[in-house]
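Structure incoming, see below.
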Amino acid sequence: MSFKKVTVEATVNAPVDKVWKLWNDPEHIMKWNTASSDWHTTKSEVDLKPGGKFSSRMEAKDGSFGFDFAGVYDVIKPNQQIDYTMGDGRKVNNVFSSQGSSTKMTVTFDAENENPVEMQKGGWQAILDSFKSYAEKK
């Protein structure tokens, strides 16, 4: 099955080592991993190594809906790159580019075939924007 590749980006006003830590630490993930204020992440697990697994439980705050976002890490290059495969076989590539006191984050993911690509791109961008806001306040 082939998937359309979609890219979202953000420049975070924080150095790459800080961005890396906040992006990968389960305690922090539960604070920023949301596309809107009516959702939250209730659980996060990270085994940050090639072949290691990750999972986050995302739920609507009103309890009406929830899902697990999970996969296996394929490539880990500290402060530079994380590639992983989601449970449904789609691939994701995260690039962390140090730009002095800021970090450009580029996330490229395989779109799924159920929802419109623009909707998926908007959701992934909203989560990345939530991360940017969180990281810049820390």
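Any read-out appearing in this document is the output of simple, stated calculations on the displayed coordinates, not a laboratory observation. If you're wondering where the values come from, they're calculated on a predicted model, not measured in any experiment. As a convention, Cβ positions derive from the backbone with ideal geometry for all residues, glycine included, and neighbour counts pool all protein chains shown.
May I ask you to compute the full-extension gain from ALA126 to MET30, defined as 0.36 nm times their residue separation minus their alpha-carbon distance, rounded to one decimal in nm?
Values: separation 96, 0.36 × 96 = 34.56 nm, distance 1.51 nm.
Taking 0.36 nm per residue and subtracting the Cα distance, the gain is 33.1 nm.
Could you tell me which chymotrypsin sites (Phe, Trp or Tyr not before Pro) in the stretch 46-138 are loop residues by DSSP with no more than 13 other beta carbons within 10 angstrom of their beta carbon? Don't skip to the end; give the middle numbers.
Values: sites: PHE54, PHE65, PHE67, PHE69, TYR73, TYR84, PHE96, PHE109, TRP124, PHE131, TYR134; in loops: PHE65.
The qualifying sites are PHE65.
From the phi angles alone, apply the Karplus equation (6.51, -1.76, 1.60; θ = phi - 60°) to the stretch 128-136 and give each ³J(HN,Hα) in whole Hz, x where the residue is Gly or Pro.
Whole-Hz 3J(HN,Hα) from phi for the stretch 128-136: 5, 5, 4, 4, 4, 4, 4, 5, 6.
Run the quick spin-label model on VAL6 and SER98: label points 7 Å from Cα toward the beta carbon, then report their separation in nm to one decimal.
Using points 7 Å along Cα→Cβ, the separation is 3.2 nm.
So, one more: Please go through the stretch 45-111 and write out the trypsin sites (Lys or Arg not before Pro) that DSSP classes as loop and that have at most 15 other C-beta atoms within 10 Å. Let's see the in-between values first.
Values: sites: LYS53, ARG57, LYS61, ARG90, LYS91, LYS104; in loops: LYS61, ARG90.
Those satisfying the criteria are LYS61.
Which GluC sites (Glu not before Pro) from the stretch 47-138 combine a DSSP loop assignment with at most 11 other Cβ atoms within 10 Å?
On the way: sites: GLU59, GLU112, GLU114, GLU118, GLU136; in loops: GLU112, GLU114.
When the GluC sites (Glu not before Pro) of the stretch 47-138 are filtered for loop state and at most 11 Cβ neighbours within 10 Å, GLU114 remain.
Taking the alpha-carbon set of the chain, what are its Rg and Dmax in Å?
Rg then Dmax for the chain, in Å: 14.3, 43.
A follow-up question, please. Any of LYS53/LYS121; LYS31/LYS77; LYS18/LYS49 with alpha carbons more than 22 Å apart? Name them for me.
Working: LYS53/LYS121 24 Å; LYS31/LYS77 24 Å; LYS18/LYS49 18 Å.
Over 22 Å apart, Cα to Cα: LYS53/LYS121; LYS31/LYS77.
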